[in-house]
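Have a look at the structure below, then the notes.
Values quoted throughout were computed directly from the atomic coordinates according to the rules given, and no laboratory measurement underlies them. What you see is a predicted model; the values in this text were computed from it and never measured. Cβ atoms come from the backbone with ideal geometry, glycine included; neighbour counts cover every protein chain shown.
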Amino acid sequence: MRYTLRQLEVFLATARHENITRAAEQLAMSQSAASGSLRDLESQFDVQLFDRLGKRLQLNELGRLIRPRVAALLDQASDLENALARHAEVGYVKVGATLTIGNYLAVQIMARFMAENVDANVSLEVANTRTIGRKVADFELDVGLVEGELQSQELEVNPWREDELVVFCSAEHPLAKKGRLEDEDLLAATWILRESGSGTRQTFDRAMHGLLPDLHILLELQHTEAIKRAVATGMGISCLSKVALEDSFRQGYLVPLLVPQRDLSRRFYFIMHRQKYRSAGVEQWLKLCREAS
């Protein structure tokens, strides 16, 4: 074999960081060793995989072509290493989830995953839909659980479960007694919303078509708990996933508001790179997610 797994690791890390020094740091190598490894890989096949723009190394057409294959090969090698070392077959799974899913659904699935695979390991990164999609596309995450729709030729997007957003306010808010809101109420209200790029905001913006430019948006926050606390103090009303609001409604300090003329339904999705190798751990994670829906 004319290449080593270490050379492929250096190639993949360099593709991710576009910088040989940061790639070396990720792999706990010296900069000179990483540079030599990448140089040897290219010279062995008489190819160039990067365009060198100062200190930046940008994948060229050939580099982009082989990157998914390299990532898949390294994943398979990792699975083999786990099996040879007699670790759990599912190995290590890197999961990304959007905030609603990560805070209210994924942790329970992770607990079951770890209980059924005691020697396995799973990491969970929580961010908005746009960020999770980018990291799955860059092979930084094995699988993503997102609440927003993504359009990407690199990503395979599959429906997971149904969800809906709910407009809500504080129990002390004047609208709490009204219960059902008309479009005039939506326009007169002060809103506290999730940030652009989140799946929740994507669904809200679509549902408020025709009204959106005229809505009074006071705050845009990244975290659902921060939004709930702000609404509880009477600063305004908001719209979040029903999953994130069930306990608050049960406790009574937040109340749902009906908006039947606006479609607030949506889906949660699985996302993976189309050429990503599906390890036993990834398959097990997807299975548990489907069973939890």
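For the chain, the longest principal axis of the Cα atoms and the long axis of helix 5-17 meet at an angle of about 40 degrees.
Computing Rg and the Kirkwood Rh from the Cα coordinates of the chain gives a ratio, Rg/Rh, of 1.07.
Normalised Debye scattering of region 144-273 at q = 0.12, 0.17, 0.18, 0.21 Å⁻¹ gives log10 I(q)/I(0) of -0.45, -0.87, -0.97, -1.27, counting only Cα atoms as equal scatterers and leaving out solvent. Highest mobility in the GNM of the chain, judged by mean-square fluctuation with C-alpha springs under 10 Å and restricted to 279, 248, 32, is found for 32.
Entry note, region 110-219: relative contact order of 25 percent, from Cα contacts under 8 Å with a spacing of 6+ residues. For residue 160, the residues whose modelled amide H falls within less than 5 Å of its own, excluding neighbours fewer than 5 places apart on the same chain, are 268, 269, 270. Each residue of region 58-75 was assigned a 3J(HN,Hα) from its phi angle through the Karplus expression (A = 6.51, B = -1.76, C = 1.60, θ = phi - 60°), giving 10, 4, 8, 4, 5, x, 5, 5, 8, 4, x, 5, 5, 4, 5, 5, 5, 5 Hz with x at Gly and Pro.
When 25, 162, 147, 9 are arranged by Cβ crowding within 10 Å, least crowded first, meaning fewest neighbours, the order is 162, 25, 9, 147. Pairs of Lys residues in the chain that lie 8 or more places apart, or on two chains, and have C-alpha atoms under 24 angstrom apart add up to 13.
Listed from fewest to most Cβ neighbours within 10 Å, the set 217, 271, 66 follows the order 217, 66, 271. Less than 5 angstrom separates the built amide H of residue 93 from those of 121, 122, 123, all sequence-distant by 5 or more or on a different chain. Largest GNM mean-square fluctuation among 244, 97, 137, using the chain with Cα springs under 10 Å: 244. What the phi angles of region 34-40 give under the Karplus curve with 6.51, -1.76 and 1.60, with θ = phi - 60°, is a coupling list of 5, 4, x, 5, 5, 4, 5 Hz, glycine and proline written as x. Tell me the angle of helix 242-251 to the major Cα principal axis of the chain, expressed in degrees between 0 and 90 and rounded to the nearest ten. Here the helix axis deviates by roughly 50 degrees. The spacing between region 251-293 and region 37-74, judged by their C-alpha centroids, is 36 Å.
Summarising the amide proton neighbourhood of residue 190: residues at separation of 5 or more, or on other chains, whose placed amide H is nearer than 5 Å comprise 237. Ordering 214, 142, 79 by the number of other Cβ atoms within 10 Å of each residue's own Cβ, fewest first, gives 214, 79, 142.
With θ taken as phi - 60° and the Karplus curve 6.51 cos²θ - 1.76 cosθ + 1.60 applied, the whole-hertz 3J(HN,Hα) list for region 165-174 is 8, 10, 7, 8, 8, 5, 4, 8, 6, x Hz, x standing for glycine and proline.
Projecting the Cα atoms of 224, 193, 208 onto the charge dipole of region 163-265 (Cβ charges, centred on the Cα centre) puts 224 farthest toward the positive pole.
Once the Cβ-Cβ distance of residue 183 and residue 149 is raised to the sixth power relative to R0 = 30 Å, the FRET efficiency obtained is 0.75.
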